[in-house]
Amino acid sequence: MTEIDFALNQTQDTEIIELVGTVLWNKSSELGSFEALSPPEQTFIYIDIFESELLNGGLFDFFYNTSGAYAHQVLEAYQAIGAYDSVNIVAQAIHCFPELPIPKDIFKRRSYMANLDDTIKTQWENLEVSFLDSKEDIVALLITYIKAHKTRFEY
């Protein structure tokens, strides 16, 4: 039995997600970067990164920190799992940013953010509320996605 099989055999959905996350972060550490993971594994990681930033500091922190370099990949990740409400919210957040595509360079992003208009901050705060109020079951969608791509999650 693989670690992913073990994770998928848990009875609580949150346990499944936590175990898969642990497995993937450990694997990415061994490989030197999460970018060395398979595309389906990266999909999981991009969502994990985004949701962690959103819950710990909001969209401002997401774009301000190194995570902001992956804004477009986060959008694609939500699309890949079929989380279309989240796709809409992330797309709106991205389109608020002063430069598109979102710069990968952290200093360039931070330069824009140092001069960010208050209306953008307010829009992001409203989008955060929309995201947190969403009835979309990201956990269930992720589990379905993992099961559908299980052979790409082997570890």
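Give the residue list of GluC sites (Glu not before Pro) in region 3-83 that are DSSP loop and have at most 14 other beta-carbon atoms within 10 angstrom.
On the way: sites: Glu3, Glu15, Glu18, Glu30, Glu35, Glu41, Glu51, Glu53, Glu76; in loops: none.
Here no GluC sites (Glu not before Pro) fit, given the DSSP loop and packing criteria.
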Listed residues Ala140, Ser67, Phe50: farthest to the positive end of the dipole of the chain (Cβ charges) = Ser67
remark   = For Glu51 and Thr144, extending 7 Å from Cα along the Cα-Cβ vector and measuring point to point gives, in nm, a value of 1.5
ask   = Summing Lys, Arg as +1 and Asp, Glu as -1, what charge do residues with Cβ under 14 Å from the Cβ of Ile106 carry, Ile106 excluded?
value = 0
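Kindly identify region 94-146 as rounded, prolate or oblate by the Cα gyration tensor criterion: order the square roots of the eigenvalues as a ≥ b ≥ c, call it rounded if a/c is under 1.5, otherwise compare a/b with b/c, prolate if a/b is larger, else oblate.
Numbers: a/c = 3.74, a/b = 1.71, b/c = 2.19.
The shape class here is oblate.
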request  = With 5 Å bins from zero, work out the P(r) of the chain over every alpha carbon pair and list the percent per bin.
outcome  = 2, 9, 18, 21, 19, 14, 10, 5, 2, 0, 0
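Quick check: residue separation of Asp118 and Lys135 times 0.36 nm, minus the Cα distance between them. What number comes out in nm? Can you show the working numbers first?
On the way: separation 17, 0.36 × 17 = 6.12 nm, distance 2.80 nm.
Additional length available on full extension: 3.3 nm.
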inquiry  = Filter Lys108/Lys150; Lys121/Lys147; Lys27/Lys150 down to the pairs with a C-alpha to C-alpha distance above 27 Å, please.
reply    = Lys108/Lys150; Lys121/Lys147
query = On full extension of the chain, what length is gained from Tyr84 through Glu30, given 0.36 nm per residue of separation minus the C-alpha to C-alpha distance?
reply = 16.2 nm
query = Based on Cβ point charges of +1 for Lys and Arg and -1 for Asp and Glu, what charge dipole magnitude is obtained for region 22-112 about its Cα centre, in debye rounded to the nearest 20?
reply = 260
remark   = Residue span Asp5 to Arg152: 0.36 nm per residue of separation minus Cα-Cα distance leaves a gain in nm of 51.7 nm
ask   = Just going by the charge dipole of the chain, with Lys and Arg at +1 and Asp and Glu at -1 on Cβ, which of Ile106, Pro40, Thr22 is farthest out on the positive end?
value = Ile106
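No value in this document is a laboratory result; all are computed from the given coordinates. Keep in mind the model is a prediction, meaning the values are calculated, not measured. Every residue, glycine among them, receives a Cβ derived from its backbone with ideal geometry; neighbour counts consider all protein chains shown.
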